[in-house]
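Enquirer: This is the structure, below, for whatever I ask next.
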Amino acid sequence: MTSTHDHHDHMSDARTQGASCCAPVGRAAFVQRSVAVDAARGQADQEDDRHTIEQVSVPGGAFAMGNPFDDGFHADGETPVHQVELSPFTIDATSVTNADFAKFVDATGYVTEAESFGFSAVFHLVLAADEDDILGQPPQTPWWYGVRGADWSHPEGRHSDLADRADHPVVHVSWNDAQAYCAWAGRRLPTEAEWEFASRGGLAGARYPWGDELGARDGDQTGWRANIWQGDFPAVNTLDDGFLTTAPVRTFQPNGYGLWQTVGNVWEWCYDLFSPDTYQLDAAAGVARNPRGPEVGDLRVMRGGSYLCHDSYCNRYRNAARSSNTPDSSMGNAGFRTVAR
Ligand SMILES: [Ca+2]
Ligand SMILES: [Ca+2]
């Protein structure tokens with residue numbers, strides 16, 4: 001870390017952070033700039049060859065969406081639990097990897113929004129940038145730096161690369177970038193309801209994809225089932241689960257449907273616009289069938305939490321947890337997985 005910014009005064013606020021704890025909210029939190037995003041340019045090759053991630057068939061049906069426990073942030077709108085019916089769908093077993101995204105960029109010349117803006121959000125402990133690259137910190141989440149030169153292929157700044165991380169989830173991709181990938185690959189983002197149903201893996205009402213308890217010493221050899229934060233956020237990570245930032249997409253164990261790491265590792269963009277009122281409105285209207293979220297809004301849904309989530313302040317590595325961000329935002333702990341059209 002090359003910055004001399006003193007951020008420790010802000011760190012004691014960590015436990016009070018609700019809505020913006022795990023991801024910096026909005027690109028404007030760092031600096032306001034105009035953006036012109038190149039649309040993905042389709043190529044003549046076969047779409048079947050473009051997207052090669054293992055597929056999981058998720059049965060349709062009814063399920064109880066939302067949080068039956070009193071362990072979320074009220075402002076996130078995880079309640080009321082309400083009935084949702086979904087058609088069957090086919091979803092990626094893992095999030096889109098760096099290798100997958102590189103194939104898209106190689107084929108199309110696509111320029112991500114982080115590259116267009118010239119910066120992205122990097123967690124303070126992993127900076128690989130020059131001091132001049134540091135654009136600032138959002139006052140509410142000072143563990144994030146706006147870093148010039150940070151993008152999907154330079155996750156920690158210009159002095160980083162993707163060596164040995166081909167099988168890690170791509171990060172520093174905005175919702176708009178994810179949409180561009182989907183357009184090229186003949187895919188789409190999951191709806192929020194599809195994401196939650198898939199993450200539950202057939203365990204109705206469970207807190208996590210594997211059950212209700214976080215600790216599972218008989219699980220993975222580390223004793224953990226997801227890549228989150230252990231230690232004292234945001235200064236000390238004991239690495240008990242083995243990872244400070246991203247883990248390979250096939251780390252730990254898949255859920256009952258065969259999806260890996262829906263919870264933890266990286267946040268995953270969903271299609272829907274975000275509103276804390278979504279569930280209230282859906283519940284009032286009766287059974288929601290294939291819901292696609294509100295019609296208007298400024299934020300897109302993110303699900304599943306990330307390697308920065310910690311029980312003490314951001315308990316969002318749960319099936320029912322919700323978050324959101326502006327569609328042009330990018331950061332080192334958010335990626336996506338896709339659904340067949
Ligand atoms: Ca971890
Ligand atoms: Ca995830």
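The values are calculated or read from the model by the stated rules, or taken from the named source; none is laboratory data. Note that the structure is predicted; figures quoted are calculated from it, not measured. Note that we place each Cβ from the backbone using ideal geometry, even for glycine, and neighbour counts take in every protein chain shown. The area values use the complete protein model at the heavy-atom level, side chains included, leaving out ligands, DNA and RNA. Shrake-Rupley method; radii C 1.70, N 1.55, O 1.52, S 1.80 Å.
Enquirer: Taking the options 126, 111, name whichever one is β-branched (Val, Ile, Thr) and within 16 Å of residue 333 (Cα to Cα).
Expert: 126
Enquirer: Let me ask something else. Which of the residues belonging to the range 231-244 are open to solvent by less than 30 Å² (accessible area, probe 1.4 Å) and within 16 Å of ligand 2 (Cβ to nearest atom)?
Expert: Here is the first cut: in the range 231-244, the ones open to solvent by less than 30 Å² (accessible area, probe 1.4 Å) are 233-234, 237, 241.
Correct list: 241 only.
Enquirer: From the list 288, 283, 247, pick out the single residue that is among the aliphatic types (A, V, I, L, M), within 16 Å of ligand 2 (Cβ to nearest atom) and surrounded by fewer than 24 Cβ atoms within 10 Å (Cβ to Cβ).
Expert: Step by step, each of 288, 283, 247 is checked, and only 247 is among the aliphatic types (A, V, I, L, M), within 16 Å of ligand 2 (Cβ to nearest atom) and surrounded by fewer than 24 Cβ atoms within 10 Å (Cβ to Cβ).
Enquirer: Could I ask something else about it? What number of residues within the range 162-182 are more than 15 Å from the chain's Cα centre (by Cα) and under 14 Å from residue 332 (Cβ atoms)?
Expert: Total meeting the criteria: 2.
Enquirer: Still on this structure: Can you say whether residue 316 is among the basic types (Lys, Arg), over 25 Å from residue 235 (Cβ atoms) and touching an Asp or Glu at 6+ places or on another chain (Cβ under 9 Å), as far as the supplied structure shows? Can you show your working first?
Expert: Numbers: among the basic types (Lys, Arg): yes; over 25 Å from residue 235 (Cβ atoms): no; touching an Asp or Glu at 6+ places or on another chain (Cβ under 9 Å): yes.
Answer is no for this residue.
Enquirer: Shifting gears a bit: Given the structure, is residue 337 assigned to a loop (DSSP other than H, G, I, E, B) and under 14 Å from residue 65 (Cβ atoms)?
Expert: In short, no.
Enquirer: Across the range 126-146, what is the number of residues that are modelled with pLDDT of 95 or more and under 19 Å from the mean Cα position of the chain (by Cα)?
Expert: 5
Enquirer: Using the structure shown, decide if residue 89 is among the aromatic types (Phe, Trp, Tyr), open to solvent by 10 Å² or more (accessible area, probe 1.4 Å) and touching a residue at least 60 places away in the same chain (Cβ under 8 Å).
Expert: Yes: the conditions hold for residue 89.
Enquirer: Which of the residues that make up the range 139-177 are in contact with a Ser or Thr (Cβ under 8 Å, 6 or more places away or on another chain) and of a type in the set (A, V, I, L, M)?
Expert: 147, 150, 162, 166, 170, 171, 173
Enquirer: Contact list please: Cβ distance under 6 Å, first residue in the range 295-319 and basic (Lys, Arg), second residue part of a loop (DSSP other than H, G, I, E, B) and more than 16 Å from ligand 2 (Cβ to nearest atom), pairs at least six apart or on different chains.
Expert: 300/327
Enquirer: Hey, can you tell me all the residues within the range 250-279 that are of a type in the set (D, E, K, R), within 14 Å of ligand 2 (Cβ to nearest atom) and surrounded by fewer than 23 Cβ atoms within 10 Å (Cβ to Cβ)? Spell out how you get there, then give the answer.
Expert: Restricting attention to the range 250-279, the residues satisfying the condition of being of a type in the set (D, E, K, R) are 250, 268, 272, 277.
Still in the running and within 14 Å of ligand 2 (Cβ to nearest atom): 250, 268.
The answer is 250, and nothing else.
Enquirer: Residues in the range 307-322: is at least one at positive phi and either crowded, with 24+ Cβ neighbours inside 10 Å or in a loop (DSSP other than H, G, I, E, B) (or both)?
Expert: no
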